[in-house]
1. With (1) under 13 Å from the mean Cα position of the chain (by Cα); (2) over 17 Å from residue 181 (Cα atoms); (3) of a type in the set (Val, Ile, Thr) as the list, and residue 145 as the residue in question, which single condition is left unmet?
2. Got a sec? Which of 154, 163 is of a type outside the set (D, E, K, R), in a helix (DSSP H, G or I) and surrounded by 18 or more Cβ atoms within 10 Å (Cβ to Cβ)?
3. Report, by residue number, each residue of region 130-142 that is assigned to a loop (DSSP other than H, G, I, E, B) and closer than 18 Å to residue 80 by Cβ.
4. Please tell me if residue 132 is out of contact with any helix residue (DSSP H, G or I) (no Cβ under 9 Å at 6 or more places or on another chain) and open to solvent by less than 40 Å² (accessible area, probe 1.4 Å).
5. For region 89-129, which positions are surrounded by fewer than 15 Cβ atoms within 10 Å (Cβ to Cβ), in a helix (DSSP H, G or I) and in contact with a strand residue (DSSP E or B) (Cβ under 7 Å, 6 or more places away or on another chain)?
6. Do the conditions hold for residue 82, that is, is it more than 19 Å from residue 37 (Cβ to Cβ), of a type outside the set (S, T, N, Q) and either surrounded by fewer than 15 Cβ atoms within 10 Å (Cβ to Cβ) or out of contact with any Asp or Glu (no Cβ under 6 Å at 6 or more places or on another chain) (or both)?
Amino acid sequence: MSHLGHVSMQCLDCQQEMRWNPHRNHHRCLSCNKFGFETAVDDPAEPFEVSDGSPGVACPRCHVGLQFANLHGKWRVCFCDECRGYVIEKGCLATVIHEKRMTYQGEDAVPTPMNQVELKDRLQCPACLETMETHPYHGPGTVVINSCNGCGVAWLDYWELAAIIRAPGRRPPRGSSPIVPARPVVDFGGRERDPLMRNGLSLLNLLLG
């Protein structure tokens, strides 16, 4: 059986058939919640290059340790190799979207309705463990993202960035510069719940380092 031209996948953990999610370009097992992908992590639409080292924090979806990775060969993120979601600094995200929408030369994606179920997500920030804000991305595409204003980071699920880049609508003029949000002014030293604080660092510092 296939899903509108996509290869049928069986969950390696529980052997159940996985359901194809056309909005996020992946399969997901309804039984044990595992993810399945038809492409490698170097997919040109949303490529990751996993690097050595770990930030010491866990994926808010899979609860496995995140890894450092480069997104589009340029931007540092904390990546989950189970669901391919990632943490990215919010100013960096604004720059990625601006540059990639500006230079994108493929066909616009067919608009899809916003998934109202995603708006009910309640994810913990990998850094401070507080509940992240869940909201529509305020720009092209019908994408729901999670962000922590205190830590200055955002969580994107797999294919959300690709959906934003490919969404129809006005694109930045060639040679223009992105509007980057200000970094938060936070007393990281007083945030004892952040496991990284025990080493005098923050997830934001690690991403920008």
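The values are calculated or read from the model by the stated rules, or taken from the named source; none is laboratory data. From a predicted model like this one, the values you see are computed outputs, not experimental measurements. Ideal geometry is used to build each Cβ from the backbone, glycine not excepted, and the neighbour counts take in all protein chains shown. Only protein heavy atoms, including side chains, enter the accessible area calculation; ligands, DNA and RNA are left aside. Shrake-Rupley method; radii C 1.70, N 1.55, O 1.52, S 1.80 Å.
1. Only one criterion in (1) under 13 Å from the mean Cα position of the chain (by Cα); (2) over 17 Å from residue 181 (Cα atoms); (3) of a type in the set (Val, Ile, Thr) is unmet by residue 145, namely (2).
2. Details: 154 fails: in a helix (DSSP H, G or I).
Within the list 154, 163, the selection yields 163.
3. Narrowing region 130-142 to residues assigned to a loop (DSSP other than H, G, I, E, B): 130, 132, 137-142.
Residue satisfying the conditions is 132 alone.
4. yes
5. 119
6. Numbers: more than 19 Å from residue 37 (Cβ to Cβ): no; of a type outside the set (S, T, N, Q): yes; either surrounded by fewer than 15 Cβ atoms within 10 Å (Cβ to Cβ) or out of contact with any Asp or Glu (no Cβ under 6 Å at 6 or more places or on another chain) (or both): yes.
Judged against the criteria, residue 82 is not a match.
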